[in-house]
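Colleague: Quick one: the structure is below, and I'll ask about it shortly.
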Amino acid sequence: MTYSFIKPRKKPIFTLFSKIWFGLFSFGIIFIFATYFLYLTKIALVNHSIDKQKQEVVKMQNQTKQNEISYEILSEKSRMAYDINEQNQIIKNSLKNLFDIVVKTGSITLESVEQEKNSLKLTGVTPTREMFALLLETPLKSIFDQSNTTYYRLNNGWYRFVSISKKNSGVLNER
């Protein structure tokens, strides 16, 4: 016996409204998790980028320190080169003046001039010891730190001289 004029139909467990609601709810949860993982990935990338930038900053700081040390070394070398050049110019001018004196007097004759790093050896002939001492030995003593002269008497009354003048290395002469 049936109490209904229509044939019963099966009722689904989820109605269309429930399916739409469940779909939207699932989409929302999936969207939230996708957004969460996207932000986690972005944060990880940003942290990695920050670490990389920190390493670059440390590398640049180290390079800057090395450059400053190199600059100090090069500045010191440049200053030393300038001092040596200035000292060489002074010696060059003094020796030029010395040789000009020899040429102007006409009586002192130089036979050889040997110049080394810190010394000068002059060999020649002079009429008297006093003339050599007055004209050449005094300028040599003003240029070099040590100046020694040895005289040998010749048959004609003149003197052969050997003058060795030395400059102490590493010490600037402030004359």
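Colleague: I'm trying to understand the selection: among the residues of the stretch 119-144, which are in a loop (DSSP other than H, G, I, E, B) and either at pLDDT 85 or above or of a type in the set (V, I, T) (or both)? Give the derivation first.
Modeller: Taking the stretch 119-144 and keeping what is in a loop (DSSP other than H, G, I, E, B), we get 127-128, 144.
Selection gives P127, T128.
Colleague: Select, from S78, S94, the only residue that is assigned to a helix (DSSP H, G or I) and touching a Ser or Thr at 6+ places or on another chain (Cβ under 8 Å).
Modeller: Working: S78 fails: touching a Ser or Thr at 6+ places or on another chain (Cβ under 8 Å).
Result of the check over S78, S94: S94.
Colleague: With surrounded by 14 or more Cβ atoms within 10 Å (Cβ to Cβ), farther than 18 Å from L135 by Cβ and either of a type outside the set (K, R) or in contact with a strand residue (DSSP E or B) (Cβ under 7 Å, 6 or more places away or on another chain) (or both) as the only criterion, which of I84, I91, I108 stands out?
Modeller: Details: I84 fails: surrounded by 14 or more Cβ atoms within 10 Å (Cβ to Cβ); I108 fails: farther than 18 Å from L135 by Cβ.
Of I84, I91, I108, the one residue that is surrounded by 14 or more Cβ atoms within 10 Å (Cβ to Cβ), farther than 18 Å from L135 by Cβ and either of a type outside the set (K, R) or in contact with a strand residue (DSSP E or B) (Cβ under 7 Å, 6 or more places away or on another chain) (or both) is I91.
Colleague: Looking only at the stretch 1-23, how many residues end up being surrounded by 10 or more Cβ atoms within 10 Å (Cβ to Cβ) and either of a type in the set (A, V, I, L, M) or part of a helix (DSSP H, G or I) (or both)? Before the answer, list the steps.
Modeller: First, the residues of the stretch 1-23 that are surrounded by 10 or more Cβ atoms within 10 Å (Cβ to Cβ): 14-15, 18-23.
Imposing the further condition that a residue be either of a type in the set (A, V, I, L, M) or part of a helix (DSSP H, G or I) (or both) reduces the set to 18-23.
Result for the stretch 1-23: 6.
Colleague: Suppose we filter the stretch 145-166 for residues that are assigned to a strand (DSSP E or B) and either surrounded by fewer than 13 Cβ atoms within 10 Å (Cβ to Cβ) or of a type in the set (S, T, N, Q) (or both); how many remain? Please lay out each step first, then the result.
Modeller: Looking only at the stretch 145-166, we keep the residues that are assigned to a strand (DSSP E or B), and these are 146-153, 159-166.
Next, only the ones that are either surrounded by fewer than 13 Cβ atoms within 10 Å (Cβ to Cβ) or of a type in the set (S, T, N, Q) (or both) stay: 146-150, 152-153, 163, 165.
Going through the stretch 145-166 one residue at a time, the tally reaches 9.
Colleague: Follow-up question, since we're still on this one. Pairs needed: first member in the stretch 26-37, of a type in the set (V, I, T) and surrounded by 10 or more Cβ atoms within 10 Å (Cβ to Cβ); second member anywhere, part of a helix (DSSP H, G or I) and at pLDDT 95 or above; C-beta distance under 9 Å; at least 6 residues apart or different chains.
Modeller: Cβ pairs passing all conditions: none.
The values are calculated or read from the model by the stated rules, or taken from the named source; none is laboratory data. Worth saying up front: this structure is predicted, and the values here are computed from it rather than measured. So basically every Cβ, Gly included, is an ideal-geometry build from the backbone, and we count neighbours across all protein chains shown.
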